[in-house]
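What follows is calculated from the coordinates using simple rules that are stated; it is not laboratory data. Fair warning: this is a prediction, and the values are worked out from it, not measured in the lab. Methodologically, a virtual Cβ is constructed for each residue, glycine included, from the backbone with ideal geometry; neighbour enumeration extends over all protein chains shown.
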C-alpha cells in the first residue's frame, strides 16, 4: 500500500518544512465498514483500520481527530496505539474549526476520521473547494490535503481493499483535487 501511495502522490505533498512556511498535512477518511446500523466495525472494517494504521504510521501522523462514535474511534484506534497518541474528539466541522486545526497543528500530519456526510465536507473545507462526495457504501476514500501559506495541494486516494462505493481503478474517484494558491 505504501508503494502505491509513493507512486501516486508527489513527494512535495508529504514534505515537511522547518521554515515559516511549514505545511500541515491532513489525512481525511470516513470510518471503516460498520456493522449494519450498529455503532461498531465489521471484520472488514477492523482490517481496514489496520491498513489505515500502517499508512498513518508511514506518513508520521502525530494528531488524530474523530467524532465520538465507536465506529470512528475504532477506525482511528490502531493508529493512535501505534503513534502513541490520544484520539481527540470533534463535534461538527466548521470553517472556524478548520482554521483552528491549521493554526494549532502547523507543520504536523493530522488524521481526521468522519462519516459519509462529513469527511468530504472536511476535505473540501481544507482544500478550499466544495464538499467532496462519498457514497453511502464507500469506505476506502483517503483525502490528503497539504495546507501552507503558499497554497493548498490535495489528492483523493484509495486505501485497503476496494469498497462497493467506488472501484479503486475509477479515475473519477482518485487523483489530484486541487493545486490552488491561497487567496490573499
**Study point:** Least to most buried among 65, 139, 90 (fewest other Cβ within 10 Å first)
**Key:** 90, 65, 139
Practice item. May I ask you to derive the relative contact order of the stretch 21-178, considering only C-alpha pairs under 8 Å and at least 6 residues apart, and to give it as an integer percent? Key: 29 percent
Review point. Where in the stretch 120-134 is the amide nitrogen less than 17 Å from a point lying 7 Å along the Cα-to-Cβ axis of residue 95?
Key: 121-132
Check your understanding: Quick one: if you stick a label point 7 Å off each Cα along the C-beta vector at residue 54 and residue 103, how many nm between them?
Key -> 3.9 nm
Point to revise | P(r) tail fraction, the stretch 21-178 - alpha-carbon pairs more than 26 Å apart, % | key: 17 percent
